[in-house]
Amino acid sequence: MTWIKGFLSAKQQQLLLNEVDHYPLERVSIEVYGKRHPIPRTQAWFGDLGCDYHYSKLHISALPWPKVLSRLRQKLFTEHQIQSNSVLVNRYANGHDCMGWHSDDEPEIVKGSAIASVTLGACRDFVVRHKTTQTKVNFTLESGDLLIMHPGMQQDWQHALPKRLKVTEPRINFTFRHVIPHYYR
Ligand SMILES: O=C(O)CCC(=O)C(=O)O
Ligand SMILES: [Fe+2]
């Protein structure tokens, strides 16, 4: 993993935050052990045509790239050679919102691609855990940080964004992915 602190300047963060205010963030419900639950956060999915997202029996069509987000995708490519055609935006309203243990290993993700995660807003702990040894590594991500999850990482490691009940401010996270277009027809 590569952690780049201060990847976005204060100005770039502000432009992106202003744009996020207009995103159609939704609290979808997902099925866990046969029961539907609303996710503890809100999300939106953007991408190129046909770069849709499948998640716990949900099919989410990619919305067209907003201007600032599309510039961020370009910046990831020019500065870090990260190729992506879609992005999942998650908004955690406060420290009660979270994401459980998982790997980003959906079959539509191009094999050997990296996943780039950009954070805005509140500082939160992002934890990775080795699937067999259970070794844990904690990254306290700050606004403007970039975390690159390199190819192969999802096979051996899971990650989570645990609750942090003292956090009262929102955090927004963007995970840029390279998916196979029209994988689901
Ligand atoms: O919010 C985060 O930092 C993690 C997001 C994540 O793991 C995901 O979108 O798959
Ligand atoms: Fe993830």
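The values are calculated or read from the model by the stated rules, or taken from the named source; none is laboratory data. Because the structure is a prediction, the values reported are computed rather than measured. Neighbour counts run over all protein chains shown; Cβ positions are idealised from the backbone, glycine included. To get the accessible areas, we keep the full protein, side chains included, count just its heavy atoms, and leave off ligands, DNA and RNA. Shrake-Rupley method; radii C 1.70, N 1.55, O 1.52, S 1.80 Å.
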Subject >> Net charge dipole size for the chain [Lys, Arg +1 and Asp, Glu -1 on Cβ; Debye, nearest 20] >> reply: 320
Original post:
Projected onto the charge dipole of the stretch 55-169 (+1 at Lys/Arg Cβ, -1 at Asp/Glu Cβ, origin at the Cα centre), which of 64, 167, 84 gives the Cα projection farthest towards the positive end?
Top reply: 167
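Show that you can apply the helix-only estimate: for the chain, add -39,500 (n - 2.57) for every DSSP H stretch of four or more residues, divide by all residues, and state [θ] at 222 nm to the nearest 500. Can you show the working numbers first?
Numbers: 3 runs with 29 residues, N = 185.
Rounded to the nearest 500, the figure is -4500 deg cm²/dmol.
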Subject >> Rh by Kirkwood over Cα pairs, then Stokes-Einstein D for the stretch 54-127 at 1.002 mPa s and 20 °C, µm²/s >> reply: 147
**OP:** Kindly rank 7-13, 80-86 from highest to lowest mean number of other beta carbons found within 10 Å of each residue.
**Re:** 80-86, 7-13
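Starting from 0.36 nm per residue, how many nanometres of slack lie between residue 138 and residue 56 once their C-alpha separation is accounted for?
Numbers: separation 82, 0.36 × 82 = 29.52 nm, distance 2.65 nm.
Length gained between residue 138 and residue 56: 26.9 nm.
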Subject >> the stretch 66-185 - Kirkwood radius from inverse mean 1/r over Cα pairs (Å) >> reply: 15.1
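In percent, how large is the relative contact order of the chain, given Cα pairs closer than 8 Å and 6 or more residues apart?
Details: 390 pairs, mean separation 54.0, N = 185.
Relative contact order for the chain comes out at 29 percent.
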**OP:** Average the reciprocal distances over every distinct pair of alpha-carbons in the stretch 1-151, invert the result, and give the Kirkwood radius in Å.
**Re:** 16.6
Subject >> Paramagnetic reach from residue 180 (point 7 Å along Cα→Cβ, amide N under 20 Å) across the stretch 8-47 >> reply: 47
**OP:** Leaving ligands, DNA and RNA out of it, work out the accessible area of residue 145 with a 1.4 Å probe and give it in Å² to the nearest 10.
**Re:** 10
**OP:** For 19, 169, write out the residues from largest to smallest accessible area, computed with a 1.4 angstrom probe and no ligands counted.
**Re:** 169, 19
Original post:
Which of the pairs 75/166; 5/75; 75/111 have their Cα atoms more than 26 Å apart in this structure?
Top reply: 75/166
Original post:
Using 13 Å as the cut-off for backbone N distance, which residues of the stretch 145-185 belong to the label zone defined by a point 7 Å from the Cα of residue 81 along Cα→Cβ?
Top reply: 151
Subject >> Kirkwood-based shape ratio for the stretch 140-185, expressed as Rg/Rh from alpha carbons >> reply: 1.04
Original post:
HN-Hα J couplings of the stretch 87-96 from phi, Karplus 6.51/-1.76/1.60, θ = phi - 60°, integer Hz, Gly and Pro as x?
Top reply: 8, 9, 9, 10, 10, 9, 4, 6, x, 7
